[in-house]
Amino acid sequence: MTQTLKLKKYITIQGKLICKTGLRIGGSKEELEIGGLDNPIIRDPVDELPYIPGSSIKGKLRSLLEYKYNRVAPNGNPCGCGKPLDECPVCTIFGPHMKPTHDLGPSRLIVRDCLLSEESRANLARLEKQGLGYSELKTENIIDRRTGTARAGGLRTMERVPKGTEFNLNISVRVFEQDDEAKMVGYVKEALELLQKDYLGGSGTRGYGWVEVQYEVVPD
Ligand SMILES: [Zn+2]
C-alpha cells in the first residue's frame with residue numbers, strides 16, 4: 001500500500017486513570033541520598049510529584065494487544081512485522097519494533113505523561129506533612145520455606161502511589177488520509193479495557209497497579 005502522508009486530524013482520548021490499588025512505577029535509586037528508599041517511584045524532577053510516564057502506559061497497551069492478537073515476535077520482542085492495520089493491530093498504531101524501513105508512516109499513538117489530578121495533589125499533600133513524599137511505603141518480606149517465617153535480610157521497602165490516586169490521562173491518535181480511524185480507535189479502546197483487567201507498573205501479580213480508566217473520545 002502506498003501511503004500518502006497527509007495528516008487528516010487528531011482524535012483525543014482523555015480522562016482519568018484511577019489507582020484501585022497502590023501503583024508502583026520504579027524510579028532511579030541514584031537520585032536518592034544515602035538512607036533513602038530501596039525502591040523509589042518515579043517523580044518529576046522539577047516538582048518531585050509522582051507521575052506515570054506515557055512510555056509506561058504506551059508499552060503496556062502495546063504488549064496487551066500483542067498478546068491478544070498473537071503478535072509477539074518469536075524471540076519475545078515487540079512486533080516488528082510492519083504489516084498494515086488489517087493484518088497487525090500493533091505496528092501501524094505503535095510503530096514497528098526495530099524496523100527502520102516500512103510503509104506504515106509515523107506511529108499514530110501519542111500517550112502523554114499522566115500527571116496527578118488537582119484533587120489527588122491536594123489529598124496527597126496530607127501525606128507530605130507526615131514526611132512521606134506523596135506516596136506510601138510498603139514493607140514486604142520473603143518467607144523461608146523451611147521454617148515458614150520471614151527470612152533474615154529478606155525485608156524490602158517498596159514505595160507506591162496510594163490507592164485512590166487519580167492521574168489525568170491524555171492520548172492523541174493521529175489520523176492520516178487513508179487510515180481507518182474507527183478501527184484504530186477501536187484497538188486503543190480495546191487495549192484500555194485490557195489494561196483494567198491486567199495491571200500497570202510493577203508487582204501486578206502481587207496486588208499492585210490495578211487501575212480504572214475513565215475516558216471519552218473527543219473528535220477533532
Ligand atoms: Zn506488527
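The values are calculated or read from the model by the stated rules, or taken from the named source; none is laboratory data. Bear in mind the structure is a predicted one, so any value in this text is a computation, not a measurement. All Cβ positions, even for glycine, are placed from backbone atoms using ideal geometry, and neighbour counts span all protein chains on display.
How many of the residues making up segment 78-98 are within 23 Å of G209 (Cβ to Cβ) and either basic (K, R) or more than 9 Å from the ligand (Cβ to nearest atom) (or both)?
Within segment 78-98, residues that are within 23 Å of G209 (Cβ to Cβ) and either basic (K, R) or more than 9 Å from the ligand (Cβ to nearest atom) (or both) number 1.
Counting just the residues of segment 38-55 that are closer than 29 Å to N141 by Cα and touching a Cys at 6+ places or on another chain (Cβ under 9 Å), which one comes out farthest from the ligand (Cβ to nearest atom)?
Y51
Could you grab me the full set of residues in segment 87-105 that are over 12 Å from V173 (Cβ atoms), out of contact with any strand residue (DSSP E or B) (no Cβ under 7 Å at 6 or more places or on another chain) and in contact (Cβ under 8 Å) with a residue 24 or more places away in the chain?
P89, V90, H97, D103, L104
Looking at (1) of a type in the set (K, R); (2) within 18 Å of the chain's Cα centre (by Cα); (3) crowded, with 19+ Cβ neighbours inside 10 Å; (4) within 16 Å of the ligand (Cβ to nearest atom), find the lone condition where K60 falls short.
(4)
Quick one: S117 ticks every box in (1) buried (at least 20 other Cβ atoms within 10 Å of the Cβ); (2) at pLDDT 95 or above except a single one, so which number is it?
Only one criterion in (1) buried (at least 20 other Cβ atoms within 10 Å of the Cβ); (2) at pLDDT 95 or above is unmet by S117, namely (1).
Quick one: would you say R112 is in contact with a helix residue (DSSP H, G or I) (Cβ under 9 Å, 6 or more places away or on another chain), within 16 Å of the ligand (Cβ to nearest atom) and at pLDDT 95 or above?
In short, no.
Let me confirm something: among P106, P96, which residue is out of contact with any helix residue (DSSP H, G or I) (no Cβ under 9 Å at 6 or more places or on another chain) and buried (at least 17 other Cβ atoms within 10 Å of the Cβ)?
P96
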